[in-house]
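Colleague: First the structure, then my questions, so here it is.
The values are calculated or read from the model by the stated rules, or taken from the named source; none is laboratory data. Just so you know, these numbers come straight off a predicted model, no measurement behind them. Reconstructed Cβ throughout: ideal geometry from the backbone, glycine too, with neighbour counts over all protein chains shown.
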Amino acid sequence: MPELTQDSANLKSEEDAWRLLEWLLADDANAAEPVFDGWPVISLKFEGERYAASLSTGLMRQVSEIQGAIYRCYCRTAYQKDARSLKESDRDDLELVFEVREGSTELKADATGLLDRLGDAIKKPSTSKNAAITIVALALIICGSALLSNKAATESAVEVKRLELLAKAIERASDLKDAPPEFQMIYRDIVAAAADADHITLGSKRISSAEITSIVDLQRIGGQRIDLVSTYKVDAVRRYSKHCLVDVILPSGDKIRARIIFDRFPDSSVSSVLMAVAKNTPITLSVTAIKHKEGYSSARITAIGA
């Protein structure tokens, strides 16, 4: 167990967090407020010939998706609303600052600001145990180690147990139900963007080249992921309550029907797309999609404007 006082638990590592989560999920366990001591840290390390001391813009773009997921997860949990409810005062505590180790491709960002801010937002005497479960489970989710499969036989039983613990925690902390698949997709996309690496280390998990290939294959089932960044004309807007669909016109004349999820962009950015449709003027967009022989699927707008 992590170091326990009368009503708190000092967490210095991922192992401490798993032990505390298991203890909190026991029916007879008392509430213990998690105190983060140098952990959690979002840690990524890429090894290979192309990763001596540099990262591609495509890979960095995927890493930057972690920040948006943190904003969305915080708003869902703290406010039960989408990311448009995020306050400027929240951003200072939630913003990730990645440190890059000199001469390497090792990235680290302190994530304790998110957990401390969230603890202040949801902590109530009547729900202190569920609040502790929510915060510890989220810390484990955003670090990502549990979300990528590891086929090592010696670790499989441990990982299965951990996934079961996480599933039980989500049952108690329903506001987190969207967090595991969202962060899992982001971390898999990061791995896919560094598919030629010899090894990738995510938190406590070191992923071999064979495992990288397996994850990349999962991402490419039914097509190949593409990332496009350019100035396009758009048309055929169809608006729904939480998103809209637009046809992005490629230079070849082909069209990609892409989703704009409202809570991921400020209203002004969405309005600029709608204005580009109305005036038939080009706009700079970043688009992620799956390319098939017969066309495109699962397309979404990931950035609007230069």
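Colleague: Could you run through segment 246-283 and say how many residues are surrounded by 14 or more Cβ atoms within 10 Å (Cβ to Cβ) and more than 18 Å from Asp82 (Cβ to Cβ)?
Modeller: Residues flagged as surrounded by 14 or more Cβ atoms within 10 Å (Cβ to Cβ) and more than 18 Å from Asp82 (Cβ to Cβ) within segment 246-283 amount to 14.
Colleague: Moving on. Could you check, for segment 44-54, whether at least one of its residues is assigned by TED's automatic domain parsing to the domain that holds Ile212, in contact (Cβ under 8 Å) with a residue 60 or more places away in the chain and in contact with a helix residue (DSSP H, G or I) (Cβ under 8 Å, 6 or more places away or on another chain)?
Modeller: For segment 44-54, residues assigned by TED's automatic domain parsing to the domain that holds Ile212, in contact (Cβ under 8 Å) with a residue 60 or more places away in the chain and in contact with a helix residue (DSSP H, G or I) (Cβ under 8 Å, 6 or more places away or on another chain): present.
Colleague: Oh, and also: On the given criteria, is Asp263 in contact with a helix residue (DSSP H, G or I) (Cβ under 7 Å, 6 or more places away or on another chain), outside any helix (DSSP H, G or I) and of a type in the set (D, E, K, R)?
Modeller: Working: in contact with a helix residue (DSSP H, G or I) (Cβ under 7 Å, 6 or more places away or on another chain): yes; outside any helix (DSSP H, G or I): no; of a type in the set (D, E, K, R): yes.
Criteria not met by Asp263.
Colleague: Still on this structure: Pairs, please: C-beta under 9 Å, at least 6 apart or cross-chain, first residue without any contact (Cβ under 8 Å) to a residue 40 or more places away in the chain and in segment 271-288, second among the charged types (D, E, K, R)?
Modeller: Leu274/Arg239
Colleague: Taking segment 45-79, which residues are hydrophobic (A, V, I, L, M, F, W, C) and closer than 30 Å to Lys123 by Cβ?
Modeller: Step one: filter segment 45-79 for residues hydrophobic (A, V, I, L, M, F, W, C), giving 46, 52-53, 55, 59-60, 63, 66, 69-70, 73, 75, 78.
Residues satisfying the conditions are Ile66, Ala69, Ile70, Cys73, Cys75, Ala78.
Colleague: Right, here's the next one. If Arg206 satisfies every condition in (1) more than 14 Å from the chain's Cα centre (by Cα); (2) under 30 Å from Pro282 (Cβ atoms); (3) of a type outside the set (Gly, Ala, Ser) but one, which is the exception?
Modeller: So Arg206 meets the others, but not (2).
Colleague: Residue check: is Tyr296 surrounded by 18 or more Cβ atoms within 10 Å (Cβ to Cβ), in contact with a strand residue (DSSP E or B) (Cβ under 6 Å, 6 or more places away or on another chain) and modelled with pLDDT under 85?
Modeller: Numbers: surrounded by 18 or more Cβ atoms within 10 Å (Cβ to Cβ): yes; in contact with a strand residue (DSSP E or B) (Cβ under 6 Å, 6 or more places away or on another chain): yes; modelled with pLDDT under 85: yes.
Criteria met by Tyr296.
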